[in-house]
1. Would you check if there is a residue in the range 365-375 being crowded, with 24+ Cβ neighbours inside 10 Å, farther than 24 Å from ASP280 by Cα and within 16 Å of ligand 1 (Cβ to nearest atom)?
2. Out of the range 302-348, which residues are closer than 21 Å to GLU376 by Cβ and either of a type in the set (Val, Ile, Thr) or in a helix (DSSP H, G or I) (or both)?
3. Could you give every pair whose Cβ atoms fall below 6 Å, whose first residue belongs to the range 313-334 and is free of Cβ contacts under 8 Å to residues at least 12 places away in the same chain, and whose second residue is within 16 Å of ligand 2 (Cβ to nearest atom) and open to solvent by 40 Å² or more (accessible area, probe 1.4 Å), counting only separations of at least 6 or pairs across chains?
4. Here are GLN40, GLN87, GLN15: which of them is open to solvent by 20 Å² or more (accessible area, probe 1.4 Å), away from ligand 1 (no atom under 16 Å from the Cβ) and of a type outside the set (A, V, I, L, M)?
5. Out of (1) open to solvent by 10 Å² or more (accessible area, probe 1.4 Å); (2) at pLDDT 95 or above; (3) farther than 21 Å from GLY89 by Cβ; (4) in contact with a strand residue (DSSP E or B) (Cβ under 8 Å, 6 or more places away or on another chain), the odd one out for PRO253 is which?
6. Being open to solvent by less than 20 Å² (accessible area, probe 1.4 Å) and farther than 20 Å from PRO11 by Cβ is the filter; apply it to the range 43-55 and report the residue that is farthest from ligand 2 (Cβ to nearest atom).
7. Which residues, taken from the range 346-365, are within 16 Å of ligand 2 (Cβ to nearest atom) and modelled with pLDDT of 95 or more?
Amino acid sequence: MTDVERIATKPIAGQKPGTSGLRKKTRVFMQPGYLENFVQSIWNGIGGISGKTLVVGGDGRFFNDAAIQTILKMAAASGAAKVIVGQNGFLSTPAASNLIRVRGADGGVILSASHNPGGPDEDFGIKYNMANGGPAPEGVTAAIFAATEIIDSYDILNAPDADLAQIGSRAFGPMQLEVVDPVTDYATLMEKLFDFNAIRALLQSGFRVRFDAMHAITGPYALEILERRLGAAPGSVVNAVPSPDFGGGHPDPNPVWAKDLMDAMYGADAPDFGAASDGDGDRNMIVGKGAYVTPSDSLAVLAANAHLAPGYAAGLKGVARSMPTSCAVDRVAEARGMPCFATPTGWKFFGNLLDAGMATLCGEESAGTGSDHVREKDGLWAVLLWLNILAVKKQSVAAVMAEHWAEFGRTYYSRHDYEAIDSTVANTLVGDLKARLADLPGQTFAGLTVESAEDFSYTDPVDGSVSAGQGVQIRFEGGARVVLRLSGTGTEGATLRVYLERFDPADFSQDPRQALAPVIAATQEIAGIVERTGRTEPDVIT
Ligand code: G1P
Ligand code: ZN
């Protein structure tokens with residue numbers, strides 16, 4: 001009864017996975033053969049999927065449903081033994097990572113463009129995760145890309161669409177298809193890691209939370225965990241129903257795109273704790289009553305306090321941050337005598353450290369925090385760890401921050417994004433800067449003297465693989481730093497990211513923009529962003 005068709009095809013240019021898989025405009029993915037070529041190239045790049053078990057799911061954005069049907073038919077046609085898929089094709093990225101691990105699957109395909117908007121004219125993406133539940137490392141994505149360049153056919157099952165609404169196992173062509181509730185396994189994992197009784201008691205004491213799911217995938221997860229299992233007041237989870245275009249918004253948890261939440265948290269009668277997550281549920285934003293916590297600070301606070309949660313009571317083996325993430329966590333690691341690793345941007349670089357037990361906690365400035373419980377960053381996990389810490393310390397978010405800075409000093413931090421700039425202009429800007437790096441040390445710009453300047457290269461301490469050209473890092477005397485790199489997830493032109501930080505051991509109450517003014521001025525003198533891009537202001541400041 002197997003009805004496999006082999007369709008002739010040709011390589012399609014530009015199917016090169018970036019920071020987190022292949023991300024393009026949705027209409028690009030909807031072109032005939034585009035998705036099929038890439039999916040077949042995944043199968044080819046990983047050495048085939050015959051007899052393998054895969055997890056498949058996505059964040060529910062526009063085209064998620066159609067893409068999943070194609071992937072199921074292609075998995076069946078290429079001999080996969082089994083595919084486990086979230087009901088209606090839904091799985092948050094961390095839940096997919098967990099499912100791969102708890103089911104002992106060989107890998108998984110995750111459909112998402114993370115925090116980018118969704119819709120026919122917005123963004124779509126696909127990535128492959130390994131048996132450890134984490135994003136494919138560079139060697140594997142390179143093999144997938146190589147496969148896209150020589151593909152000449154793909155195999156697909158000629159069958160009606162699979163029913164993904166009914167939970168349970170059934171045959172789909174020659175393959176086994178299991179449809180699972182997307183939340184259950186994930187919620188079970190959270191109950192193991194955190195003291196749900198302590199958090200429940202906190203929530204019953206009158207402590208109010210507001211979780212903004214931003215019309216994205218964490219809605220059902222947050223309703224189940226925060227409201228049903230932990231007893232948060234009904235209505236604590238807002239924008240809880242996932243929609244294919246995220247309610248027309250940017251499902252990006254930062255003060256710009258989660259403005260409603262910021263307004264609520266800084267307004268009259270603000271709740272005690274606010275949080276948001278992104279399109280696919282791996283990012284998080286934390287904000288107390290009148291107290292926004294930068295992701296870099298959040299990572300540092302979690303590193304300093306994780307032992308207060310049962311899952312981390314034994315302490316942390318080490319911490320890791322992406323290179324552009326602020327050095328706030330480094331200071332915690334130093335004080336606590338644990339190793340701290342700086343990796344290139346992208347969660348895949350944490351995988352080996354987590355697998356090898358060299359790091360327990362890791363994070364990125366881009367609102368990603370996670371631990372060795374899965375191999376993706378995890379938005380709700382970060383929220384629950386914060387709540388667990390607050391429940392134990394019986395302090396407000398603002399008080400926790402004040403205490404943290406008093407102990408470790410404050411690292412003022414901000415990221416400036418220049419979006420959709422001309423690719424040639426962006427490449428020339430970064431290229432010219434890289435060519436001058438050797439001359440910079442000792443020179444003074446806007447009053448700041450350069451201590452060191454490098455094009456960041458990372459040697460993985462576990463497998464020795466080298467990732468070069470990962471961004472320009474310039475350190476100034478006195479603990480200031482700027483990092484410049486081009487985004488690997490943008491879908492339009494180039495995005496220049498400028499990461500600014502300044503350490504202050506004693507003065508914690510400055511306006512971050514003012515505290516960073518000297519670093520911003522020095523960066524402008526060094527890189528000439530205004531002259532080269534014609535932009536006088538960044539498009540997004542976070
Ligand atoms: C961005 C973030 C990075 C994150 C990635 C995927 O990548 O900066 O930290 O891992 O999205 O969520 P970028 O566009 O900077 O390459
Ligand atoms: Zn995401």
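1. No; the residues of the range 365-375 include none that is crowded, with 24+ Cβ neighbours inside 10 Å, farther than 24 Å from ASP280 by Cα and within 16 Å of ligand 1 (Cβ to nearest atom).
2. Residues of the range 302-348 closer than 21 Å to GLU376 by Cβ: 302-303, 306, 309, 311-312, 316-325, 329, 340-348.
If the condition is that a residue be closer than 21 Å to GLU376 by Cβ and either of a type in the set (Val, Ile, Thr) or in a helix (DSSP H, G or I) (or both), then LEU302, ALA303, ALA306, GLY311, TYR312, VAL319, THR325, VAL329, THR343, THR345, TRP347, LYS348 are the ones that fit.
3. Listed pairs, sorted by first residue: none to list.
4. Working: GLN40 fails: open to solvent by 20 Å² or more (accessible area, probe 1.4 Å); GLN15 fails: open to solvent by 20 Å² or more (accessible area, probe 1.4 Å).
Step by step, each of GLN40, GLN87, GLN15 is checked, and only GLN87 is open to solvent by 20 Å² or more (accessible area, probe 1.4 Å), away from ligand 1 (no atom under 16 Å from the Cβ) and of a type outside the set (A, V, I, L, M).
5. So PRO253 meets the others, but not (1).
6. Of everything passing the filter in the range 43-55, ILE49 is farthest from ligand 2 (Cβ to nearest atom).
7. Correct list: PHE350, CYS362, GLY363, GLU364, GLU365.
Table: residues versus (1) of a type outside the set (S, T, N, Q); (2) at pLDDT below 95; (3) open to solvent by 10 Å² or more (accessible area, probe 1.4 Å); (4) away from ligand 2 (no atom under 16 Å from the Cβ).
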| position | (1), (2), (3), (4) |
| --- | --- |
| GLY57 | yes, no, no, no |
| ARG103 | yes, no, yes, yes |
| GLY107 | yes, no, no, yes |
| GLY118 | yes, no, no, no |
| ASP121 | yes, no, yes, yes |
| GLY125 | yes, no, no, no |
| MET130 | yes, no, yes, yes |
| GLY133 | yes, no, no, no |
| GLU138 | yes, yes, yes, yes |
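The values are calculated or read from the model by the stated rules, or taken from the named source; none is laboratory data. All values derive from a computational prediction rather than experimental measurement. Cβ sites come from the backbone with ideal geometry, for glycine too, and all protein chains shown count toward neighbours. The protein model used for the area step is the full one, side chains on, heavy atoms only, and it has no ligands, DNA or RNA in it. Shrake-Rupley method; radii C 1.70, N 1.55, O 1.52, S 1.80 Å.
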